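Asker: Sharing a structure here in structure tokens format.
The values are calculated or read from the model by the stated rules, or taken from the named source; none is laboratory data. Everything numeric in this text was worked out from a predicted model, so none of it was measured. Positions of Cβ are backbone-derived with ideal geometry, glycine not excepted, and every protein chain shown enters the neighbour counts.
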Amino acid sequence: MELSAFALGVVLGPSLDIKLAPPRADLTDVEPEVVALPLEPGRPESLRIRPGREVKRLPSLSGMRDPRQRGRILHALANHELQAAELYAWAILAYPEAPTAFRRDLLRILQEEQRHARMYISRLEACGQAFGDHPVTGYFWRKAEGLRGHPLRFVCAMALTFENANLDHTVDLEAAARDAGDLASAAVIRRVRADEVGHVAFGWRWLAAFKDPALTMWEAYVAQMQWPLRPALARGRGFNREDRLAAGLEPDFIRRLEQEASQLDHRTRRGQRGAEATAGR
């Protein structure tokens, strides 16, 4: 079986059995296929991507204490991982001329995203809910159109922005699950974070390989940011320096990332104060 055929099944497969099935051992990448790239994945009807206005806002992390609300959070996490698996498969199709080592890295991470989705689905079922019980959004998929062209765009968006931010989000999620007494979910989230370190390392390695040698790593990363993508999205509420260092990010890059996000936080707070002052007039 060709790698591109497997990737197409993950992207357009109509069932989770197809989308989350691991690749066959005899997978080859001899003749990468050029295909028309989809802008939306194939999904079972219950998991069809819906507009954001049709999806309820997620509960706060304190909701992990309530099994029903915890299920909604786990449902969203399973969908995030499913989207990630689909988009790594999409990247295999989008960049047929990329180096073989890069495409093999995409496959490796795709498999890990599949495993993450299966683990979250298992925890969701332990809460008495099923994957598909709640409407889902396509936050990551909405960014796919802007990732056509060079694989560096994909690396900077998925690995160095969204997966980078997950190094922070998973710390908060694990703590919330542990505080709620759900040690099984906490263990799953901890495993996901360990894999995310490798995903960010993948992004860092290929940013170095693909970038213009005249640019620093930070300059090359920022050059790939097209609104609404921006460096501030590459972090969560906290800032997990340890895992970023473990992923190989340079201290200066980490400092710039933290600084960028802090400036955004300052602008946001200033905007909130301005809105409050206006409302009080």
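Asker: Any residue in segment 111-123 that is on the phi < 0 side of the Ramachandran plot and assigned to a loop (DSSP other than H, G, I, E, B)?
Answerer: Within segment 111-123, not a single residue is on the phi < 0 side of the Ramachandran plot and assigned to a loop (DSSP other than H, G, I, E, B).
Asker: Tell me, which residue of segment 231-258 that is among the basic types (Lys, Arg) and more than 19 Å from Glu219 (Cα to Cα) is surrounded by the fewest Cβ atoms within 10 Å (Cβ to Cβ)?
Answerer: Of everything passing the filter in segment 231-258, Arg237 is surrounded by the fewest Cβ atoms within 10 Å (Cβ to Cβ).
Asker: From the list Ile109, Ile73, pick out the single residue that is β-branched (Val, Ile, Thr), modelled with pLDDT of 90 or more and over 21 Å from Met1 (Cα atoms).
Answerer: Ile73
Asker: Within segment 229-258, which residues are within 23 Å of His150 (Cα to Cα), free of Cβ contacts under 8 Å to residues at least 40 places away in the same chain and part of a loop (DSSP other than H, G, I, E, B)?
Answerer: Within segment 229-258, just Arg230 meets the criteria.
Asker: Just the residues that are under 15 Å from Gln83 (Cα atoms) and surrounded by fewer than 19 Cβ atoms within 10 Å (Cβ to Cβ), please, taken from segment 122-131.
Answerer: Residues satisfying the conditions do not exist here.
Asker: Within the group Glu113, Glu45, which residue is within 21 Å of Ala186 (Cβ to Cβ) and free of Cβ contacts under 8 Å to residues at least 60 places away in the same chain?
Answerer: The unique qualifying residue is Glu113.
For (1) modelled with pLDDT under 95; (2) surrounded by fewer than 19 Cβ atoms within 10 Å (Cβ to Cβ); (3) small (Gly, Ala, Ser); (4) under 11 Å from the mean Cα position of the chain (by Cα), each residue gets a yes or a no:
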{"site": "Glu145", "(1), (2), (3), (4)": "yes, yes, no, no"}
{"site": "Arg148", "(1), (2), (3), (4)": "yes, yes, no, no"}
{"site": "Leu152", "(1), (2), (3), (4)": "no, no, no, no"}
{"site": "Ala159", "(1), (2), (3), (4)": "no, no, yes, yes"}
{"site": "Glu163", "(1), (2), (3), (4)": "no, no, no, yes"}
{"site": "Thr170", "(1), (2), (3), (4)": "no, no, no, no"}
{"site": "Ala187", "(1), (2), (3), (4)": "no, yes, yes, no"}
{"site": "Arg191", "(1), (2), (3), (4)": "no, yes, no, no"}
{"site": "Ala194", "(1), (2), (3), (4)": "no, yes, yes, no"}
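Asker: For segment 20-30, which positions are loosely packed, with under 10 Cβ neighbours inside 10 Å and under 19 Å from Pro99 (Cα atoms)?
Answerer: Val30
Asker: Would you mention how many residues in segment 124-134 are farther than 20 Å from Lys56 by Cβ and touching a residue at least 40 places away in the same chain (Cβ under 8 Å)?
Answerer: Here the count works out to 1.
Asker: How many residues are in contact with a Cys (Cβ under 7 Å, 6 or more places away or on another chain) and aromatic (Phe, Trp, Tyr) when one looks only at segment 180-213?
Answerer: 0
Asker: Of the residues Trp218, Trp227, only one is at pLDDT 95 or above, under 14 Å from Thr161 (Cβ atoms), surrounded by fewer than 21 Cβ atoms within 10 Å (Cβ to Cβ) and of a type in the set (A, V, I, L, M, F, W, C); which?
Answerer: Residue meeting the stated conditions: Trp218.
Asker: How many residues does segment 230-245 hold that are small (Gly, Ala, Ser) and over 14 Å from Leu160 (Cα atoms)?
Answerer: 1
Asker: Additional query: Within segment 68-90, which residues are over 13 Å from the mean Cα position of the chain (by Cα), farther than 15 Å from Val10 by Cβ and buried (at least 16 other Cβ atoms within 10 Å of the Cβ)?
Answerer: Within segment 68-90, Gln69, Arg70, Gly71, Arg72, Ile73, Leu74, His75 meet the criteria.
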